[in-house]
Structure formats: structure tokens, C-alpha cells
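One structure is given below, encoded as C-alpha cells.
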Amino acid sequence: MRALAVIAIASVALAGAPIAASAQDEVEAPHQNWSFAGIFGTFDRGSLQRGFQIYNEVCSNCHSMKLLHYRDLGPNGPGGGIGFSDAEVAAIAAQKQVEDGPNDQGEMFRRPGKPQDTFVSPFPNVEAARAANGGAAPPDLSVIVKARGRGLEYLWGEGGPDYVYGILTGFEDKPPTGFQLTQGKYYNNIFPGHQISMPPPLADNTVKFQDGTKATLSQEAHDAATFLTWAAEPNMEDRKQTGAKAILFLLAMTGVLYGAKRRVWKDLH
Amino acid sequence: MAGTPSTVRTNSRLIKWIDTRLPLFTFVQDAAIDYPEPRNLNYFWNFGSLAGTMLVIMITTGIFLAMQYTPHVDYAFSSVERLMRDVNYGWLLRYIHMNGASFFFIVVYIHIFRGYYYGSYKEPRELLWMLGVVILLLMMATAFFGYVLPWGQMSYWGATVITNLFTAIPVIGNPIHTWLLGGFAVGNPTLNRFFSLHYLLPFVIVGVVGLHLIALRQHGSNNPLGIAVKGPQDEIPFHPYYTIKDMFGLGVFLVIYAIFIFYLPNALGDPQNYIEANPLQTPPEIVPEWYLLPFYAILRSIPDKLIGVLALFASIFILFLLPWLDTSRVRSSYFRPIHKWVFWLLVIDVFALGTVGAHRPEGAYIVVGRIATFYYFFHFVILLPLIGWFERPLPLPESIAAAVTKKTAAAPGAAQSGAVS
Ligand code: HEM
């Protein structure tokens, strides 16, 4: 009894700590339905590929993703990639120009990308990124989903995707009356303080999806957030599937041990 | 053959041969098989072996993590991410270790409160208890160093805030600070030495755990009734009774731990730590890991920095004095009608401190933090000695065996000694 009470109190308090710690005067992004949610959640490959298309065509103009390689998108990538074949990955990489070298003349040179290259960054350094974006450097998006999000959803890994979706769909053309918007900033409902240096990157039909899906703003934002969630933790499907097996095994083992314990202790009473 | 032949119960001549020369098997037989334990231990007595298991899990996963980890400010963050992406089951290794730290503390905190409730620190177990407090201190240091290694924002700023505490010491504070960090600010030399210490301290903990166990064996375990073992009728051999009970408890524990590893791996962490450390950008709030929050709250509740730091250390060091601060002659709170309730005040107080530690010191949090800090010390320094003098303990049972057999006849002891079921 007392054991239960203590464990219950402890777990509530533990769960409360991170929420409490991040609870500020900020708006919590509304919760979305994600294919990867829940115990058996998996990534919708179509959504991942559309999300990559958005990153590739839009976000990559400003945001790096330094922890990813092009090969990660293919069948041998972590978590089995996002459903591209090796040939498709090679083609995607080949469209990029990568700086390499030095060659035997001691000079740096540019060559088409290869699958083992990391995603090419839009700016050579933070200073350049900052200078080109009105003083705020666009953050690297590799693990942005794990680095954002608050509230209960963060606990099971949906707070980050909710947040990214919220930012992408949270722009207002006009700030509420009385709000002083700094020159060169944009009003965003979800961003802390509501003034963001990122111009609204997405709108209806910003991209033309290769698979024919209608490119509404919310569809684009949803796919982009799904891709970024995969990017932040490409092994998530494996984690959840391994988890189900491990926990079933542990439950069975614990059941057997409980039976054994009862038997051993029976003769003591 | 001269000397005493092995007394190990086995038919294997090889084992007998070895044991006669190197009595490992005898040692195990004495320490973990025949070893007599009180017969009424309840499930709170599982937490010691759970803590030992956690220590082994942390060291094993840590050694493998260290094979992939690069202790350099430019590579630390990405080396941890690489491990999680590109190394087979690297994510599992890291999540076991990361959540393992939290679960290690959950287990040890329950273990400590168990000792407090049942008076396990009382004569003749004072040194056993004090060695436990040493382990707690070493664990805190280890976890603090470990949290710096992934080199996220909270790693960096947590290290900055905590090491900065040393500057509160008059005169020599600043030189000590620089000496500890290997520079004027947290940087690459700091990361290198923290990695070194993070690898070292767990093995120091192993050593102190060894002493803890030697001290334990000297007088045996305390028990929920807090009365001494009076004879063989009060005891049962460790094996099979407590081996099976410990294993069942371990099973339950692993299920909960696994739920976190596989489904809530980042729930106990701070999202800020997935942002690479940036010395030029202070995060909106700097909070330590949850298990250090109560102490952090004590530090921040006191307006003066130096006194705050002293209070922080005092809050842990006071535990060393607990055997003498508690003046009651009776060990178990079960027989202490007042302390039984006052115990829960301390539990509530520690949770209140934890909550305060997680929030910016503003408004009500300041007030609650100060009251809770005051109560923490008041509890140990004033309340505990007084209660010990004024409280009239309930009559103690003659022996464990007597209490246990009476229990089957539904005597009041039943719920508490709750053990033999
Ligand atoms: C008392 C036992 C230990 C405790 C309480 C502990 C605690 C921690 C903590 C809290 C972290 C940060 C986790 C994170 O947020 O990523 C960490 C990281 C790390 N620990 Fe330990 N640790 C222990 C033992 C060890 C040992 C024995 C080793 C090496 C032999 C080790 C190697 C590492 C490494 C390489 C990291 C960085 C990788 C990472 O951050 O995940 N640990 N440890």
C-alpha cells in the first residue's frame, strides 16, 4: 500500500517536473494527429517523402540539417530510411554541389554530392546565416523536434511535432491591434513572444507534390513536421517495436517469478 | 591435504578443488545463499538490491557509450547523436543510460526514505547509514558530470551555474573556480576533466558499496519492526526466500523502467538539452535534472549566495548526523505514533522543494521555497530530537517470530510488517 502511494506520488511529481519547468507565458501548440503516435506508431512514408520534398525545396534555403546524410534517406539509412531507393538517393545527392578537397594541387573544388555526404548547409557559418536573416540565425533542424515542445505531449514525443506544425501554420498577416511588431519580424501565434524572424515559409501550393497530394498549407506543415520528427529520431519505429517485445517478455518473466515467489514463501506461513 | 577442505555443497570435484584454494564459492554460499535475513522484510527491502542492479547497468552501458563518445566541445553533441542514429542499438544504449540515472535516483531515494522510516540508521548501523550518504553524494557528483557530457544547452549552463557556486567562497573562491574548470569559463578542458571524473566516480561508488555491504553484514538487515533478531526462529536463509523476492521485485521494476526507455525516453529530460551548447545564448531557464531539484530549491531560497551554498551542502551533510539527531530509543516508526506522521511531512516537504526548484523564483514559489527550506532543517534539527524525547512508543513485540505468528491471527501488526506475504 504505502509502496504504491510513494511510487504514485513520485511518478506524478516526476512527470510534473519537465512540464512545470517549461511552462511559461507561451501558447501551447494545438495537438495534431500523427501517424507515428502511440505504442505501435509508424511513420507514413508518403508523408515523409513529401516532407523531405518541402525541406529540400523550401526550408533548406535557410536551415541546415547537419546530422543527416543523403544515404540516411535510402533503404540502408537508420530506421530503413524514408522509402527512397538507392538510385533515388544518389539522384537527390547529385543535384547538390559539395565542397571537397584539397586535391593534389592543394586546392578545394566543388563536385556533385554523393550519398555519404551530409546535407549541404545553406550558409558557410552562423555569422553568414545571421547576416542573411535579419540578425537571427535559422537553427539547424536535425533534432529541432526533440528540442521544442512543451506540455504533456512532450513526454511521449508529440510536443515537438505539434510545435513545428504550430509555427508553420501560426503566422498572421496582421498582428493583433496594439501589438508592436518590430521591423523585419513576423507575427506568429505559437512562437514565444510572437515575433519571429522567419518569413512565413509555407502557404497553399508552395510546393507541387510529386505524388499528386493537394498541397494545402496544413498538409505541407503536417508533412514537414512528420519528416522532421523522423529526422530527429529515425530509429523511433524500431524503438517502439523493440519496446513492445521487451515489455511483453518482462511481463511474462515477472508473472513467472511472482508464481515462483508465492510457491517458495507458501510454507513459511 | 592440510588446511580446511571446502564446505561448499556441491558434487563437483572441480568446484571443491578450486574452492579449497580460492574460497570464492564459499563466499557466495555464505553471503548470498545461507546468509540469514529477518523473516519479515517487506518490499521496501528490495530497493537495496535494485540500487546495486542499477549501478551495474549504469557502468555497463556507460562503458559502451564511452566507446562512441568524443569529449570535445565541437564533437560531443554530434557524437552522442551519431551514436543514436548510426550505431546499431545505440539509441537503446543511450536511453538506458539516460533514464537509468533517473531510475537509479528513484530507487536510492526510496531506499533512503525506507531507512528513515524504519530507523535503520540507529545503533549499531550508524556507519552503514553514513556510507550510504557518501554513496548519495558520489552519485550526485557522477550524475552532474554525466549530464554535462552530451554538451547540450542545459549541460553547459547547468555546469556554469553549479561550478559558479564555488566563487561564493571568500578569497579563495575564484582561484578554486578557475582551477576546477581549467579556465575562466566552462570549456573544453572542463569537458575533458568531467568525462574523466564521470568515468572514475562510478568505480569509487562500487568501492563504497563494498564497505556498505561489509557494514551491513556485521549486524544484518534491520526489519519493519525495528527489533533485533533474537534467534533462528526469526530468520530465514537469503536463498531461496529473498533471491526469489528480489527477482520478482526486479521484474516489476524493469517493466516500469522499460516503459520509460521505449515509450517515454525523453520525458524526464529537458528539451533544451537537444540544442547544442551555446555560450552566447542563455536558455530562458536553467534547471538541473529532477533528482537535484530539491537541493537546488534550497540553494535558491536563500538570498545570500554564500549562505545558500552552505545550506545546500548542509542539507545533505545533515543526513550524516541523523543517527544522533533522532533521540528515540525505538527504531521503527511503526511503533512511534507521532513520528509515523511527521515522517510524511518530510516527504511532502521534499516534494514541495522539488516543485519549487523547477520554477523561476517568483511570487509564491519564493515563499513556498523559503518555508520548505526552513521546515527541512527544522525537521531534522528541532523536531526530530524533541519527538524522540516526548513521544511514548507503543509496546514492542517480544520477537519477530512472535509478531509474525500473531499476525496470522489478524493482530494490528499485520498491515505494517506486511512482509511475509
Ligand atoms: C553511477 C553511475 C552513473 C550515473 C548516475 C551516470 C549518469 C549519467 C548521466 C545523467 C548522463 C547524461 C545522459 C544524457 O542526458 O545524455 C550520462 C552520460 C554519459 N555517461 Fe554516465 N553515469 C554513470 C556511469 C557511467 C560510467 C561508468 C560510464 C563510462 C564508463 C559512463 C559514461 C557516460 C558517457 C560516455 C555519457 C555521455 C553520453 C550521453 O550523454 O548519453 N557513465 N551519465
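Working note: Debye formula, equal point scatterers on the alpha-carbon atoms of chain B, no solvent; log10 I(q)/I(0) at q = 0.07, 0.10, 0.11, 0.14 Å⁻¹ is -0.41, -0.81, -0.96, -1.36. Of the three principal axes defined by the Cα atoms of the range A:146-206, the extents in descending order read 37, 29, 17 Å. Convex hull volume per residue, computed on the Cα atoms of the range B:92-238, equals 150 Å³. Add -39500 (n - 2.57) for each DSSP H run of 4 or more in chain A, then divide by its residues: what number comes out at 222 nm, to the nearest 500 deg cm²/dmol? Calculated at 222 nm, the ellipticity per residue is -13500 deg cm²/dmol. With the cut-off at 1.5 for a/c, could you classify the range A:70-169 from its C-alpha gyration tensor as rounded, prolate or oblate? Here the range A:70-169 falls in the oblate category. The ellipsoid that matches the Cα gyration tensor of the protein assembly as shown has semi-axes, each √(5λ) in whole angstrom, of 52, 30, 25, with the longest given first. Put in order of Cβ neighbour count within 10 Å, fewest first, the listed residues B:368, B:381 become B:381, B:368. In the protein assembly as shown, taking the dipole from charged Cβ atoms about the Cα centre, the farthest positive-side position among B:32, A:138, A:102 is held by B:32. Rounded if a/c is under 1.5, else prolate if a/b beats b/c, else oblate: with a ≥ b ≥ c from the C-alpha gyration tensor eigenvalues square-rooted, which is the range B:202-251? Oblate. Checking the cross-link pairs A:214/A:240; A:245/B:245; A:96/A:208 against a 26 Å limit on the alpha carbon distance flags A:214/A:240 as lying beyond it. Put simply, the C-alpha atoms of chain A give a gyration tensor, and the ellipsoid matching it has half-axes of 40, 28, 18 Å, longest first.
Rg over Rh for the range B:290-391 works out to 1.01, both radii taken from alpha-carbon positions and Rh defined as the Kirkwood radius.
Two tests apply to each whole DSSP H helix in chain A, Cα reach of 30 Å or more along its axis and mean Kyte-Doolittle hydropathy of at least 1.0, and the ones passing both are A:2-22. Straight-distance candidates among the lysines for linking to residue B:230, with alpha-carbon spacing under 20 Å and chain neighbours fewer than 8 residues away dropped: B:122, B:406, B:407. Ellipticity at 222 nm from helices only: DSSP H runs of n ≥ 4 in chain B, each -39500 (n - 2.57), divided by the residue count, give -20000 deg cm²/dmol.
In this Cβ point-charge picture (+1 for Lys and Arg, -1 for Asp and Glu), the range B:290-391 has a dipole of about 120 debye about its Cα centre. From the square roots a ≥ b ≥ c of the eigenvalues of the alpha-carbon gyration tensor of the range B:233-340, which class results: rounded (a/c under 1.5), prolate (a/b over b/c), or oblate? Oblate, since a/c reaches 1.5 and b/c is not below a/b.
For the Cα trace of the range B:36-286, dividing Rg by the Kirkwood Rh returns an Rg/Rh value of 1.03. In degrees, nearest 10, range 0 to 90: what is the angle between the Cα axis of helix B:126-148 and the longest Cα principal axis of chain B? The angle comes out near 30 degrees. Of A:183, A:116, A:105, the residue with the greatest mean-square motion in the GNM of chain A, using alpha carbon springs below 10 Å, is A:105. Residues B:260, B:390, ranked from the fewest to the most other C-beta atoms within 10 Å, line up as B:390, B:260. Ranked by how many other Cβ atoms sit within 10 Å of their own Cβ, fewest first, the residues A:226, A:213, B:163 fall in the order A:213, B:163, A:226. Springs between Cα atoms under 10 Å define the GNM used for chain A, and in it the highest mean-square fluctuation of A:74, A:259, A:38 occurs at A:259. Seen against the Cα atoms of chain B and their longest principal axis, helix B:90-117 is set at about 50 degrees. Inter-chain neighbour count for A:75-83: the average number of beta-carbon atoms from partner chains within 10 Å of each residue's beta-carbon is 1. When the Cα positions of A:112, B:191, B:253 are compared along the charge dipole of the protein assembly as shown, B:253 comes out farthest toward the positive end, with charges on each C-beta of Lys, Arg, Asp and Glu. Hydrodynamic estimate: the Kirkwood radius of the range B:95-177 over Cα pairs, inserted into Stokes-Einstein at 25 °C and 0.890 mPa s, corresponds to D of 162 µm²/s.
Taken together, the values in this text are just the output of simple stated rules run on the coordinates, not laboratory data. Since we're looking at a predicted model, the values are computed, not measured. With ideal geometry, Cβ positions are generated from the backbone for all residues, glycine too; neighbour counts draw on all protein chains shown.
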